[in-house]
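Nothing in this text is a laboratory measurement; each read-out follows from the coordinates by a stated rule. Because the structure is a prediction, the values reported are computed rather than measured. Glycine also receives a Cβ, built like all others from the backbone with ideal geometry; neighbour counts cover every protein chain displayed.
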Amino acid sequence: MEESTGALPRKDDFSQWYNEILWRAEIMDVRYPVKGLYVWYPYGFGIRKRAYGILRDLMDRDHEETLFPLLIPKTEFMKEAEHIKGFEDEVYWVTHGGTSELDVPLALRPTSETAIYPMYSLWIRSHTDLPLKLYQIVNTFRYETKHTRPLIRLREITSFKEAHTVHATREEAEEQVEAALALYKEFYDALCVPVILSRRPSWDKFPGADYTVAVDTIMPDGKTLQIGTVHMLGDHFSRTYDITYEDANGDQQYAYQTCYGISERSIAAVISVHGDDKGLVLPSAVAPIEVVIVPVIVGTRRDEVLSAAAELESELKGAGFTVKLDDRDMRPGAKYYHWEMRGVPLRLEIGPRDIDSNTVVAVTRTGRKVKLDRRGVVEGISSIFAEFRGELFEAAKQAMADRITVVATLEEAASAVKSGVAVAHWCGSQECAEKIEAATDASILGSDIRSDLVTVSDGPCIACGGKGTSTLIARTY
Ligand SMILES: Nc1ncnc2c1ncn2[C@@H]1O[C@H](COS(=O)(=O)NC(=O)[C@@H](N)CS)[C@@H](O)[C@H]1O
Ligand SMILES: [Zn+2]
């Protein structure tokens with residue numbers, strides 16, 4: 001790829017910074033000739049690959065991975081009325097096979113309930129088939145009319161992890177909602193991305209669901225990004241798609257379901273939350289290159305330094321790290337710039353003095369410098385990575401806490417949402433929601449808040465004074 005030159009915009013010019021980092025750090029190429037469709041550069045795909053490897057490990061604890069077809073017959077798609085209403089403006093349709101018109105138009109899946117549930121109806125016969133917990137990681141298609149944005153709002157969602165579970169009772173489905181939220185929390189902890197959980201207002205729930213609990217993070221510009229959702233489907237879809245089972249008494253029962261999804265917004269969150277003015281900052285868990293070795297070549301001992309560097313590289317590779325030895329013929333400073341832009345968490349410098357003193361200089365992406373004993377270099381790096389993780393997560397949590405303001409009036413809410421999220425008491429009425437959204441030019445994001453950065457309470461609704469509970473108000477992506 002063309003080497004980026006010139007300075008990256010400052011991170012506090014977030015929109016510009018985000019657009020530029022995507023090509024300078026070789027994440028996604030936005031030049032593909034279809035609006036809302038983008039191309040992964042290999043490096044960016046490496047981040048996605050490692051992040052989704054973590055997600056798969058978490059899902060595979062008690063789900064099974066599978067794969068359903070992309071194309072959904074209109075007859076199946078149109079069965080769930082609320083679901084259609086929610087998606088009819090977003091569905092892409094395939095109407096021809098070659099030159100002949102299809103007798104039944106086929107939807108490109110915007111999400112896969114209407115592909116999966118007719119099959120669940122065939123598969124599920126008895127309570128012994130339950131619980132059924134499957135997921136797939138696929139591309140989905142949504143004809144988004146709002147401003148499309150790489151990794152944030154795509155028309156082809158390339159990394160859509162969707163789980164679809166079936167249970168004998170409502171209680172078990174409710175437990176699954178909690179288990180899914182805990183899994184998402186664990187996933188984002190691994191990415192050092194702090195999150196706030198909240199129940200979406202009824203008009204923002206997933207089409208066809210009883211309720212939706214969302215996972216949001218706060219982006220550097222103060223707007224929130226929904227980076228995961230868990231939906232309690234109740235028995236709506238099982239009644240529509242006839243997903244029934246014979247219970248222990250031999251009676252037919254409708255099943256209860258949940259579904260929950262994460263997309264490449266998870267990668268947008270890692271990039272946005274941790275990045276700085278020099279580029280990406282990647283936690284080692286998702287870094288395609290964890291360690292870059294830069295030999296410090298001075299004078300006559302060039303060969304000795306290069307062979308010491310090569311030895312170090314093979315030892316670290318043998319220890320399971322992803323390592324890059326940068327022995328290109330260029331100034332060390334240019335190398336530092338190149339790898340800092342790509343967010344490589346750790347740089348090792350090795351030169352003649354280090355060889356003589358049997359040490360290696362370790363410099364973390366955030367600038368902490370440590371002299372490591374050459375012999376214990378593997379343990380040294382592992383402990384640096386553990387500290388680095390903590391450092392990133394603490395900084396991200398502090399940045400989020402700084403953007404959350406508890407407010408008691410509409411005016412305070414209106415100013416708080418300019419730079420972040422307001423926490424205010426809302427009575428739950430749509431009428432007050434409209435007043436609050438008009439007064440703040442922001443959205444009711446959710447109530448039943450769960451976050452170690454927010455203390456929830458009851459109190460007078462900031463719009464009507466009636467009994468209210470803590471609710472998030474924010475500008476959103
Ligand atoms: N156009 C889009 N581009 C990128 N990510 C998206 C887009 N639309 C939704 N997402 C992400 O995908 C997640 C799941 O989408 S969803 O509509 O909320 N839920 C579902 O589709 C359910 N079937 C759960 S799998 C959202 O929380 C959001 O993080
Ligand atoms: Zn009210």
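Here are the numbers for this structure:
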| read-out | value |
| --- | --- |
| Arg125-Thr455 FRET efficiency (beta carbon distance; Förster radius 41 Å; 0.05 resolution) | 0.30 |
| Cα-Cα over 29 Å, subset of Lys161/Lys418; Lys133/Lys397; Lys161/Lys223; Lys35/Lys185; Lys49/Lys85; Lys146/Lys324 | Lys161/Lys418; Lys133/Lys397; Lys35/Lys185; Lys49/Lys85; Lys146/Lys324 |
| Förster-model FRET efficiency, 30 Å R0, Thr66 and Glu90, C-beta, rounded to 0.05 | 0.80 |
| Relative packing of peptides 129-136, 185-192, 83-90, 421-428 - highest average C-beta neighbours within 10 Å first | 421-428, 185-192, 129-136, 83-90 |
| Cβ-placed point charges (K, R +1; D, E -1), dipole of the stretch 14-274 about Cα centre in debye, nearest 20 | 1180 debye |
| Rounded tilt (10° steps) of 265-274 against the dominant C-alpha axis of the chain | 40 degrees |
| Computed label-point distance, nm, for sites Asp441 and Lys369 using a 7 Å Cα→Cβ extension | 4.7 nm |
| Zone residues, the stretch 18-54, relative to Arg328, backbone N less than 13 Å from point 7 Å out along Cα-to-Cβ | 25-26 |
| Virtual spin-label span in nm between Lys317 and Tyr143, 7 Å along Cα→Cβ | 5.0 nm |
| Nearest-20 debye value, the stretch 404-474 charge dipole, Cβ charges on Lys, Arg, Asp, Glu | 80 debye |
| Cα-projected label distance for Glu82 with Lys467, points at 7 Å along beta-carbon direction, nm | 2.5 nm |
| Dipole magnitude of the chain, debye to nearest 20 (Cβ charges: Lys/Arg +1, Asp/Glu -1, about Cα centre) | 1440 debye |
| Computed lengthening from Glu387 to Asp204, 0.36 nm per intervening residue step minus Cα-Cα distance | 62.0 nm |
| Centre separation in Å (Cα based) which lies between the stretch 429-458 and the stretch 173-208 | 17 Å |
| Efficiency of FRET between Glu156 and Val104 - r from beta-carbon atoms, R0 22 angstrom, step 0.05 | 0.45 |
| Value of Rg to Rh for the chain (Rh from inverse mean 1/r over Cα pairs, i.e. Kirkwood) | 1.03 |
| DSSP beta bridge pairing in the stretch 291-387, given as percent antiparallel to the nearest 5 | 55 percent |
| Crossing angle, helix 14-24 versus the chain [Cα axis fit, 0-90 degrees, rounded to tens] | 60 degrees |
